[in-house]
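Just below is one structure, and these are the notes that go with it.
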Amino acid sequence: MAAIERVDPHDEAALSAWYRALRAGASAGRRSPLVAAYEEMRASLREPGSAAERSAWAAVDGGAVVGSLLFALHGRENPDLADVDVNVPEEHRGRGYGGALLAHAERLARRGGHRVLLAEAFVPSACAPEEHPGAGFALRRGFRSVHREDHLVLALPVPPERLRARVERGAPRRGGYRLSTWSGGCPAGEVAAVAAMRTAMERAVPCGDLEAEPRVWDEGRVRAVEARTRRQGYASIASLARGPDGEPAGYSQLFIPEHTPGEVYQDDTVVLEPHRGRGLGEALKALNLLRLQSEHPDRRRVHTWTAAVNTAMWEINRRFGFTPVEVAHRLQKAAHP
């Protein structure tokens, strides 16, 4: 029987053992898995930010870490929710370690008064969730899939002339619009616009039956997240569109992880409804990719996640050359009756 022990994020040996179990379990059986690097995870546990709370737990049997649990709370907008990430390396599966970790997460949720547990499972595109080890484990224990997004990957480099053509093709429809791009922290004059765009993204992105309230972004939250992602080792590139009257119209951002060589995360891309149909989303993504390839020529893949119901963004991604590699299922369960 495994003991469930809390991991001190300042204890390098204990945290390293916990992370090795997490990474082995999270990567098993996946094509193009993208798992946060040790340095990123360590920083997020040591300095989670004022709006978040995270704890790491290990299943320990015979002195060895045989499974990991990351338990995270959502902050002020969603105090009822708790994220649960359980991972067991393949060689340790089938012995009840995952079930013990999940039961511990449920006890933590009940103790803290959190009503809903959320989890995520990454399933090969051709595999039914119930037939997948991770998703099947969750479904058999009362979770249900409430939202799904395709995990898409773009191979780099993309010929720059193709990217410039994607910016130029919508120019006739963008009369009066201004596009800008930057690396690193948001320029002082754009922080309010970025906060508005990120709030709009939270409200516009499809989320199925997920029980989560969209967050409201302000300038303080933008700067706090920038500081936290820098501590975790992320560089960033962003582009913003403003309309003829100077109002923010669209926004797109990439994150470049220092400790995960070759990879890039596509974060938000949003165009406000009154400004759609002008090729803004495509232009913003192309500008980001041009800057990315100039500043980070070592990067080989961009990862993005797009819901099948988001047909406009799926089509944009297809035109860029993104291909699906798996399906991310967002899973949900009542923490207690």
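If I take R0 = 30 Å and measure r between the Cβ atoms of residue 230 and residue 328 in this structure, what FRET efficiency does the formula 1/(1 + (r/R0)^6) give, to the nearest 0.05?
On the way: r = 26 Å, r/R0 = 0.86.
E between residue 230 and residue 328, to the nearest 0.05, is 0.70.
Dividing the alpha-carbon radius of gyration of segment 4-83 by the rule-of-thumb value 2.2 N^0.38 Å gives 1.14. Dividing the C-alpha radius of gyration of segment 157-299 by 2.2 N^0.38 Å, with N its residue count, gives 1.05.
Report relative contact order for the chain in percent, whole number only (criteria: Cα-Cα under 8 Å, sequence separation at least 6). Normalised by residue count, the contact order of the chain is 23 percent.
For segment 3-149, what Kirkwood radius comes out of the mean inverse Cα-Cα distance, in Å? Spell out each step's value before the answer.
Details: mean 1/r = 0.0635 Å⁻¹.
Taking every pair of different Cα atoms in segment 3-149, averaging 1/r and inverting gives 15.8 Å.
Phi angles of segment 61-68 translate, via the Karplus equation with coefficients 6.51, -1.76, 1.60 and θ = phi - 60°, into HN-Hα couplings of 9, x, x, 10, 7, 10, x, 10 Hz per residue; Gly and Pro are given as x.
Here the Karplus curve 6.51 cos²θ - 1.76 cosθ + 1.60, taken at θ = phi - 60°, turns the phi angles of segment 179-190 into couplings of 10, 9, 9, 8, 10, x, x, 5, x, 3, x, 10 Hz, with x standing for Gly and Pro. Placing unit charges on each Cβ (+1 for Lys and Arg, -1 for Asp and Glu) gives segment 157-299 a dipole about its Cα centre, and among 197, 165, 252 the Cα reaching farthest toward its positive end belongs to 165. Round to a whole angstrom and tell me the spacing of the C-alpha centers of segment 302-333 and segment 61-91. Measuring centre to centre over Cα atoms gives 25 Å.
For segment 241-337, the direction-averaged projected area of the alpha-carbon convex hull comes to 9.5 nm². How big is the shadow of the Cα convex hull of segment 199-283, averaged over all directions, in nm²? One quarter of the hull surface, i.e. the mean projection, equals 7.2 nm².
Note on the chain: percent of Cα-Cα distances in each 20 Å bin, starting at 0 and stopping at the bin with the largest distance, equals 29, 58, 13, 0. What is the angle, in °, between the Cα long axis of helix 311-320 and the longest principal axis of the Cα atoms in the chain? Nearest 10 is fine, range 0 to 90. Tilt relative to the chain: about 80 degrees. Could you tell me the distance between the Cα centroids of segment 285-301 and segment 260-278, to the nearest Å? Value for the Cα centre distance between the two parts: 14 Å. The distance between label points at residue 161 and residue 296 comes to 2.7 nm (points 7 Å beyond Cα on the Cα→Cβ vector). In terms of other Cβ atoms within 10 Å, 83, 150 run from fewest to most in the order 83, 150. For segment 161-249, a simple Cβ point-charge model (Lys and Arg +1, Asp and Glu -1, everything else neutral) yields a dipole of about 460 debye relative to the Cα centre.
Computed from backbone phi, the HN-Hα couplings of segment 4-20 come to 9, 10, 6, 9, 7, x, 8, 9, 4, 5, 5, 5, 5, 5, 4, 5, 4 Hz, rounded to whole numbers (Karplus: 6.51 cos²θ - 1.76 cosθ + 1.60, θ = phi - 60°; Gly and Pro given as x). Here the sum of -39500 (n - 2.57) over DSSP H runs of 4 or more residues, divided by the residues of the chain, equals -10500 deg cm²/dmol at 222 nm, to the nearest 500.
Throughout, read-outs are computed from the coordinates displayed, never taken from laboratory work. Keep in mind it's a predicted model, so treat the numbers as computed, not measured. Every residue, glycine as well, gets a Cβ built from its backbone with ideal geometry; the counts of neighbours run over all protein chains shown.
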